[in-house]
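Enquirer: The structure that follows is given in the form of structure tokens.
The values are calculated or read from the model by the stated rules, or taken from the named source; none is laboratory data. The shown structure was predicted, so the numbers you read here are calculated from the model rather than taken from an experiment. Counting neighbours? That spans all protein chains shown, and the Cβs are built from the backbone with ideal geometry, glycine included. The area values use the complete protein model at the heavy-atom level, side chains included, leaving out ligands, DNA and RNA. Shrake-Rupley method; radii C 1.70, N 1.55, O 1.52, S 1.80 Å.
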Amino acid sequence: MPAARIGEDAPAEQPSSRPGVDPAEAEEFIRLFHAENPNAGPAEPRVAAVREEIDRTGTYVHTGEELEFGARVAWRSSARCIGRLYWRSLHLRDRRHVTAPDEVAAECVGHLREATRKGRIRSTITIFAPDGPSSRGPRIWNEQLIRYAGYRAGGRVLGDPRTAGFTDTARTLGWMPPSPMGRFDVLPLVVSGGGEHVKEGPQVHEIPADAVLEVPLTHPDHAWFAEMELRWHALPVISNMRLDIGGISYPAAPFNGWYMATEIAARNLADADRYDMLAEVAEAMGLDTSSDRTLWRDRAAVELTAAVQHSFDEAGVSLADHHGESRRFLRFVEKEEASGRKCPVDWSWIVPPISGGLTPVFHRYYDEPTDTGPMFRLDDQAAARAGGCPV
Ligand code: ARG
């Protein structure tokens, strides 16, 4: 994508082309809120008020309780998330008044600090201004608030190949990588403003190093493992999914849980199109890598996972493992069924990337993912921005 297009707005995102809130969707959400929160009283007066507000303004404003409940239900409905048992504990940072890019960036840093808590990670969401009929909310271009840069050089990538496009974009926008460049350089935030700041173009903000907790990786039995100088960040914060609640769409609503070891060990560090570490680990283990049938990949992936678990445990950083998390997930499914709710599940995302059949989540079918109700969604434009193709 030519650099000249960076920061241009795609027509589909212009506020003028955005219709007002669908009153039926709003009503459905308000009724759900009152049905599940009997202390909030009867739904009728609020439904009438919301309908009147939509008639008058084209939209409506969620109460703090509605917003918190909507965000929690969006998590509860995330078909790809294995960690949903604790959906009720999601901590809300209500920042709906924030639209300026520098304030969005500062609040993202605040989110990192509040959610990390020196390793006692707390599931947290920060919700910025919504899109509305007459104004737009801000956008965070990063796929996650914390990601490592991927530098293209000579047909290869130093760092995380997944972020190569985004890293190019950040540099085009003026970001200066550290010198020398490394494999684990934290990318800056790239934010475009909402409201009156919508025309200002994207801003680049470095994340202060002391807001990013990282864990250097060591192995409980193999001293050589530390020499590979692998590390990973403690906090996964998805930052480019929009949060849709009752007809209102929040395009910037970064949220985090804590990691499951296999996400880091068996995907981020193992995938051939990511850090691709399996061969190096297998060779250091002394395995025969000349044939797939020696299972060197499998054995290396298990030892990488052991290293991630060991290192996070030593550092006192919250981290799930695929066995415990699978059991908890089935408890979640049972609870949802007992509450009379559908429980949408994407089997291919829930089953862990190693030892699938050794976990109970493998051995059953689930309800199909749905597309209604409060929901996190990744729209094409957000995906393109995070991939380095600004739209
Ligand atoms: N798999 C993603 C990553 O490795 C993170 C997705 C969210 N994970 C979580 N445990 N909340 O960065």
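Enquirer: State whether one or more residues within region 113-128 are in a loop (DSSP other than H, G, I, E, B), away from the ligand (no atom under 16 Å from the Cβ) and open to solvent by less than 10 Å² (accessible area, probe 1.4 Å).
Expert: Within region 113-128, the subset in a loop (DSSP other than H, G, I, E, B) is 120-123, 128.
Those left that are additionally away from the ligand (no atom under 16 Å from the Cβ): 128.
If we keep only those that are open to solvent by less than 10 Å² (accessible area, probe 1.4 Å) as well, we get 128.
Yes: region 113-128 contains one or more residues that are in a loop (DSSP other than H, G, I, E, B), away from the ligand (no atom under 16 Å from the Cβ) and open to solvent by less than 10 Å² (accessible area, probe 1.4 Å).
Enquirer: Quick check on my filter: what residues within region 276-302 are touching a helix residue (DSSP H, G or I) at 6+ places or on another chain (Cβ under 6 Å), open to solvent by less than 60 Å² (accessible area, probe 1.4 Å), assigned to a helix (DSSP H, G or I) and away from the ligand (no atom under 16 Å from the Cβ)? Full working, then the answer.
Expert: From region 276-302, those touching a helix residue (DSSP H, G or I) at 6+ places or on another chain (Cβ under 6 Å) are 278, 281-282, 284, 287-289, 296-297, 300-301; that's our starting set.
Now narrow it down to the ones that are open to solvent by less than 60 Å² (accessible area, probe 1.4 Å): 278, 281-282, 284, 287, 289, 296, 300-301.
This time we only want the ones that are assigned to a helix (DSSP H, G or I), so: 278, 281-282, 284, 296, 300-301.
The answer is 278, 281, 282, 284, 296, 300.
Enquirer: Take residue 239 and decide whether it is in contact with a strand residue (DSSP E or B) (Cβ under 7 Å, 6 or more places away or on another chain) and more than 14 Å from the ligand (Cβ to nearest atom).
Expert: Details: in contact with a strand residue (DSSP E or B) (Cβ under 7 Å, 6 or more places away or on another chain): yes; more than 14 Å from the ligand (Cβ to nearest atom): no.
Against the criterion (in contact with a strand residue (DSSP E or B) (Cβ under 7 Å, 6 or more places away or on another chain) and more than 14 Å from the ligand (Cβ to nearest atom)), residue 239 does not qualify.
Enquirer: Let me ask you something else. Just to be sure I understand, how many residues within region 129-161 are out of contact with any helix residue (DSSP H, G or I) (no Cβ under 8 Å at 6 or more places or on another chain), closer than 18 Å to residue 93 by Cβ and within 15 Å of the ligand (Cβ to nearest atom)?
Expert: 1
Enquirer: Listed residues 147, 152, 122; which is free of Cβ contacts under 8 Å to residues at least 24 places away in the same chain and farther than 19 Å from residue 245 by Cβ?
Expert: Values: 147 fails: free of Cβ contacts under 8 Å to residues at least 24 places away in the same chain; 122 fails: free of Cβ contacts under 8 Å to residues at least 24 places away in the same chain.
Answer to the selection: 152.
Enquirer: Among the residues of region 316-333, write down those that are small (Gly, Ala, Ser), more than 12 Å from the ligand (Cβ to nearest atom) and in contact (Cβ under 8 Å) with a residue 24 or more places away in the chain.
Expert: Step one: of region 316-333, the residues small (Gly, Ala, Ser) are 316, 318, 320, 324, 326.
Now drop any that are not more than 12 Å from the ligand (Cβ to nearest atom), which leaves 316, 324, 326.
Of everything in region 316-333, those that are small (Gly, Ala, Ser), more than 12 Å from the ligand (Cβ to nearest atom) and in contact (Cβ under 8 Å) with a residue 24 or more places away in the chain turn out to be 316, 326.
Enquirer: Sticking with this one: So in region 82-103, with the set limited to residues that are within 14 Å of the ligand (Cβ to nearest atom), part of a loop (DSSP other than H, G, I, E, B) and among the hydrophobic types (A, V, I, L, M, F, W, C), which one is nearest to residue 260 (Cα to Cα)?
Expert: Among them, the one singled out is 82.
Enquirer: Looking at residue 182, is it in a loop (DSSP other than H, G, I, E, B), on the phi > 0 side of the Ramachandran plot and either of a type in the set (Phe, Trp, Tyr) or out of contact with any Phe, Trp or Tyr (no Cβ under 7 Å at 6 or more places or on another chain) (or both)? Working first, answer last.
Expert: Details: in a loop (DSSP other than H, G, I, E, B): yes; on the phi > 0 side of the Ramachandran plot: no; either of a type in the set (Phe, Trp, Tyr) or out of contact with any Phe, Trp or Tyr (no Cβ under 7 Å at 6 or more places or on another chain) (or both): yes.
Taking the combined requirement at face value, the residue does not satisfy it.
Enquirer: Filter region 252-275 for residues that are within 6 Å of the ligand (Cβ to nearest atom) and either small (Gly, Ala, Ser) or at pLDDT below 95 (or both) and give the result.
Expert: Result: 257, single match.
Enquirer: Still on this structure, please answer the following. Take the conditions modelled with pLDDT under 95, surrounded by fewer than 20 Cβ atoms within 10 Å (Cβ to Cβ), in contact with a strand residue (DSSP E or B) (Cβ under 9 Å, 6 or more places away or on another chain) and farther than 27 Å from residue 260 by Cβ and apply them to residue 201. Does it pass?
Expert: Numbers: modelled with pLDDT under 95: yes; surrounded by fewer than 20 Cβ atoms within 10 Å (Cβ to Cβ): yes; in contact with a strand residue (DSSP E or B) (Cβ under 9 Å, 6 or more places away or on another chain): yes; farther than 27 Å from residue 260 by Cβ: yes.
The answer is yes for residue 201.
Enquirer: Under 7 Å between Cβ atoms, which residue pairs at least 6 apart in sequence (or on different chains) link something in region 262-288 that is over 14 Å from residue 307 (Cβ atoms) with a partner that is within 16 Å of the ligand (Cβ to nearest atom) and open to solvent by less than 60 Å² (accessible area, probe 1.4 Å)?
Expert: Correct list of pairs: 267/274; 273/161; 274/160; 274/161; 274/268.
Enquirer: For the subset of region 348-391 comprising residues that are more than 19 Å from the chain's Cα centre (by Cα) and among the aliphatic types (A, V, I, L, M), which member is surrounded by the most Cβ atoms within 10 Å (Cβ to Cβ)?
Expert: Out of the qualifying residues, it is 361.
Enquirer: Out of (1) farther than 15 Å from residue 246 by Cα; (2) part of a helix (DSSP H, G or I), what's the single condition that is false for residue 49?
Expert: Among (1) farther than 15 Å from residue 246 by Cα; (2) part of a helix (DSSP H, G or I), residue 49 violates only (1).
Enquirer: If I filter region 61-81 down to residues being part of a loop (DSSP other than H, G, I, E, B) and out of contact with any strand residue (DSSP E or B) (no Cβ under 7 Å at 6 or more places or on another chain), which single residue comes out as nearest to the ligand (Cβ to nearest atom)? Spell out the reasoning first.
Expert: Start the filter on region 61-81 by keeping residues that are part of a loop (DSSP other than H, G, I, E, B), which leaves 61-63, 77-81.
Next cut, out of contact with any strand residue (DSSP E or B) (no Cβ under 7 Å at 6 or more places or on another chain) only: 61, 63, 80-81.
Working: 61: 29, 63: 27, 80: 9, 81: 7 Å.
Within region 61-81, the match that is nearest to the ligand (Cβ to nearest atom) is 81.
Enquirer: Does region 84-93 contain any residue that is in contact (Cβ under 8 Å) with a residue 12 or more places away in the chain, of a type outside the set (Asp, Glu), touching a His at 6+ places or on another chain (Cβ under 9 Å) and more than 30 Å from residue 361 (Cβ to Cβ)?
Expert: Within region 84-93, one or more residues are in contact (Cβ under 8 Å) with a residue 12 or more places away in the chain, of a type outside the set (Asp, Glu), touching a His at 6+ places or on another chain (Cβ under 9 Å) and more than 30 Å from residue 361 (Cβ to Cβ).
Enquirer: Among the residues of region 307-315, are any surrounded by 19 or more Cβ atoms within 10 Å (Cβ to Cβ) and among the small types (Gly, Ala, Ser)?
Expert: Within region 307-315 (the criterion being surrounded by 19 or more Cβ atoms within 10 Å (Cβ to Cβ) and among the small types (Gly, Ala, Ser)), the answer is yes, since at least one residue qualifies.
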